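J.: This structure is in structure tokens; I'll ask about it shortly.
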Amino acid sequence: MDIDMYLKDGDQGINCLNNDISLIEIDDDDDDDQDEEIFIAPFVKGQSIIHKVLPIHVMQIIFYYTLRFGELNSNEKTVLKIWDSKNNDRYSLETVCVTWCSIIKVSCRSLILSLNNLEANTFRITHFTYLKKLEIINNINNDSDYSDFDDSDSGGDDDDYGGGKDYSNDDIYYDFFDQKKNLTYRRRKRALNDNSDKIGKCLATIINLSLPYLSVLNLSMTNLKERHIKVIQSSLSSNRNITKLVLDSCPIGDQGVVYLSEVLESNRCIRQLDLQSCGSVNGLEYLGRALSNNQTLEKLVWSYNQCNYTSVMCLSNGLRNHHSQMKSLIMKGCDIEGWGALSLADTLAINKSLKELDLGSNQFGDAGAITLASKLNSHPSLSILDLSSNLISTEGFDKILFSIQSNTTLTNLNLSRNQLDLSIPLTYLTSSLAFNYTLTSLNLSESNLQNSHFEQISIALQSNKKLKKLNLSKNNLSDTKPFFTIILSNKTLQSIYLSKHKFKSNDLFILLNFIFKLNDTIILENGNIINIDIPSIIHQLEYIDLSLPHDPLKKNINLLLKEFRKVNAITKIKI
């Protein structure tokens, strides 16, 4: 059982909820309620009595095994009381767990520190012997916009600028106010920079500490900038334990990416690098050059950073390194256009290690989709492809579907949020699924599919024996007949998503009866009777999403759902 800890200012305690144990730092200076009578809870008194009866080493052993394995003969997780500054029990906290803290630290695998707490706890981290993951969270207001500061924040130098004097002339007064405001800005900025320098040094110290099991360093949304990366660059280059570095939403810019690229040239341990939304424009050029000689990086997240054709070319050249170990490339929302897609398509013909390619939310359209489809079958291991929200229409769809017919590696394909051109027929929708033997997940939501497309898919699923998850949500479907075909002929599909469609209530009621297999006879509201051959229904669906628009369900459907929930714990349905 992995145990998480969380250190924060002002409080001390242990908080354990569903495996998560929080070790909270204490502030010994408590001016509040000093003269109040100290309340000691029965829980604390009981612990004191136990301490007198049982030797400390026995208590430590019991506590250790309780943390690791939970209570004997119990399926429930270990749960401890919550300790915080508003709880009077905190006065007797030391009585309860002073002999247990070392065990908590040894059991800890995941630790969360706030930036405010970073400096005070930099060297204490060595006490967490088996720490695997360290996450730093930002609780400091790093807003560099000081335009709203008023003169009350200007410190004790007001008199230097004539504080207390009467300014009857508005022009003179505003000149004085601007001077004070600028002084405030400089002071605040200097204090912020001093604090930022400390943060960089603390991070470098932590990276250099002897923590042999620390493999994940998560610095996401900590507002680190290029100067911080420069400070920790040397430490990262020499570190031999950290395999995953997360800098998501840190505005390090191009220069920060340059420092990290230099790290990759010497570091042989980092396998995952997350630089999503790092504010870089040309940073991919430097990463591409570093990847030309790198043999360890397996995952790069570059989503929501700008990419021009030159930078994509540099990345492609880096991935064409025959020693490349890159398995996952995430470039969502990078404004990649047709030529960029062409460059990446050519890379697929050379790179042999890539298993996941996420190019969602770009804008390469049919031209990019066609070039990628032409190289899809030449890659020996690509299993996950995301081309969602890329302005792909019928022509691009058809080329991708055509390549899927003979593809032997792809297991997950996402083509959602692209718009089919209904004036052009979709030729390969049926054959792509009927003849493919590897695809297990297909997402076609929000793609302007019609009832005729749903019918083609249902025909294909009669012979498809691999697809387990199908998402057709938010299209233009109203006919439930294709769904009947699926539940009567396919027994491999496990999840189907058909939300936000305008199915008629009567059709939905009949469909649910077929799905639930509760009764062999259905009596409709108009008195008509439908017989169901239950043995002929072979579906093995575990999850069905039929979420309807905000229309109230009819009484007969509600009653049917209640009856179904009483007898079936396997199939989950959302309406």
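The values are calculated or read from the model by the stated rules, or taken from the named source; none is laboratory data. Keep in mind the model is a prediction, meaning the values are calculated, not measured. All Cβ positions, even for glycine, are placed from backbone atoms using ideal geometry, and neighbour counts span all protein chains on display. Ligands, DNA and RNA are stripped out before the accessible areas are found, and what is left, the full protein with its side chains, is counted by its heavy atoms. Shrake-Rupley method; radii C 1.70, N 1.55, O 1.52, S 1.80 Å.
J.: Please give the net charge around Ile496, taking every other residue with its beta carbon less than 12 angstrom from that of Ile496, where Lys and Arg add +1 and Asp and Glu add -1.
T.: +2
J.: Cross-link list Lys132/Lys230; Lys332/Lys465; Lys474/Lys566; Lys517/Lys574; Lys500/Lys554: which exceed 28 angstrom alpha carbon to alpha carbon?
T.: Lys332/Lys465; Lys474/Lys566
J.: Could you calculate, for segment 288-405, the ratio of the Cα radius of gyration to the Kirkwood radius, expressed as Rg to Rh?
T.: 0.94
J.: Net charge around Leu219, counting only other residues with Cβ within less than 10 Å of its Cβ (Lys, Arg = +1; Asp, Glu = -1)?
T.: That works out to -3.
J.: Ok, one more. FRET efficiency for Lys555 and Lys465, Cβ-Cβ distance as r, R0 = 45 Å, nearest 0.05?
T.: Efficiency computed from Cβ-Cβ geometry: 0.70.
J.: Can I ask one more? How large is ³J(HN,Hα) for each residue in segment 108-122, as worked out from phi by the Karplus curve 6.51 cos²θ - 1.76 cosθ + 1.60 (θ = phi - 60°), to whole Hz, x for Gly and Pro?
T.: 5, 10, 10, 10, 10, 10, 8, 4, 4, 8, 4, 5, 5, 10, 4
J.: Something else about it: Can you work out ³J(HN,Hα) from phi for every residue in segment 367-373, in order, using Karplus 6.51 cos²θ - 1.76 cosθ + 1.60 and θ = phi - 60°, giving whole Hz and x for Gly and Pro?
T.: Karplus values, whole Hz, x for Gly and Pro: 4, x, 5, 5, 5, 5, 4.
J.: Counting other C-beta atoms within 10 Å, and keeping those with at most 15, which DSSP coil trypsin sites (Lys or Arg not before Pro) do you find in segment 494-575?
T.: Sites meeting the loop and neighbour criteria: Lys502, Lys504, Lys554.
J.: Return the whole-Å distance between the Cα centroid of segment 301-374 and the Cα centroid of segment 430-462.
T.: Comparing the Cα centres of segment 301-374 and segment 430-462, I get a distance of 26 Å.
J.: At 37 °C and 0.692 mPa s, what whole-number value in µm²/s does Stokes-Einstein give for the translational diffusion of segment 484-536, with Rh from the Kirkwood sum over Cα pairs?
T.: In µm²/s, the coefficient is 264.
J.: Using Cα pairs under 8 angstrom and six or more residues apart, how large is the relative contact order of segment 329-414, in percent?
T.: That works out to 32 percent.
J.: Rounded to the nearest 10 Å², what accessible area does Glu542 show when all protein chains are kept and the probe is 1.4 Å?
T.: Around 90 Å² of this residue is reachable by solvent.
J.: Largest first and in whole Å, give the semi-axes of segment 403-470's equivalent ellipsoid, each being the square root of 5 times a Cα gyration tensor eigenvalue.
T.: Each semi-axis is √(5λ); the values are 19, 13, 11 Å.
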